[in-house]
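Read the figures in this text as sums done on the coordinates, not as results from a lab. What you see is a predicted model, and the numbers here were worked out from it, not measured in a lab. Every residue, glycine as well, gets a Cβ built from its backbone with ideal geometry; the counts of neighbours run over all protein chains shown.
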Amino acid sequence: MSTGNREDYLLRILRLTDGERVAKTTDIAALMNVSAASVTEMLKVLADDGLIVHRKYKGVSLTDEGLTQAKRIRDKHKIAERFLIDVLNKDRGSAHEEACKMEHILSDESAKSMCRILGATSPECEVCGTECAKEGTVIPLNRLSADTTAKISHLKCEDSEKIRKLISIGFVPGRVVSLVNRTTNNGPIIFHMGESNIALDQDLASLVFVDVEM
């Protein structure tokens, strides 16, 4: 029995119960578009693995471990779908279909990297939580001091076009950048990255967050 199939069941149970209620076997079967017998067989597997509690005639609920796993898969789907739309410019329909496949094979590290690019982490995310949004040593790139070198932590912007532009010119998490020169009158800021100097306007620079304690 494939891991993806098991995870699909956990996701459907999470959808039906919101992690708090009980789902009926018939409702799971309808949502999965499978027979009640198939559902009963899978529920036994999930119960043996400690991921659900199945009480006959009462329904199914997720255990703490089952809830954590289901939320993790759900969050990977959200991350993958947003990455496909915002960064790769996929349409929402095809992005959703691809994300349904990616959610089962996407590693935690890859999901975290996508989060850093999107600046999309939240305390509720089971994959990375607030890891990409730490305070103290992380500042917007436009506030970087002269002669200071920093590592790009994450990007943060709701405008997909700007995210794609920053990525296309090399501003991706993990790269090292330093301030070369500030122009006057809110003009472009000159940064050094790799072997090149890059001029970036104030607005775009404010969307790149860097860690000054590398």
*Please find the FRET efficiency linking VAL22 to ASP203, where r is the Cβ-Cβ separation and R0 is fixed at 45 Å, and quote it to the nearest 0.05.*
0.35
*Residue separation times 0.36 nm, minus the C-alpha to C-alpha distance between ARG55 and HIS96: what's the value?*
11.4 nm
*Hey, of (i) 1.30; (ii) 1.20; (iii) 0.95, which did the structure itself give for Cα Rg over 2.2 N^0.38 Å when calculated?*
(i)
*Is there a pair in LYS44/LYS71; LYS71/LYS162; LYS78/LYS112 whose C-alpha atoms are over 18 Å apart, and which pairs would that be?*
LYS44/LYS71; LYS71/LYS162
*Compute the signed sum of charges (Lys and Arg +1, Asp and Glu -1) over the other residues within less than 12 Å, Cβ to Cβ, of ILE167.*
+3
_Point-to-point label distance, ASN33-VAL87, nm (Cα→Cβ direction, 7 Å offset)_ = 3.0 nm
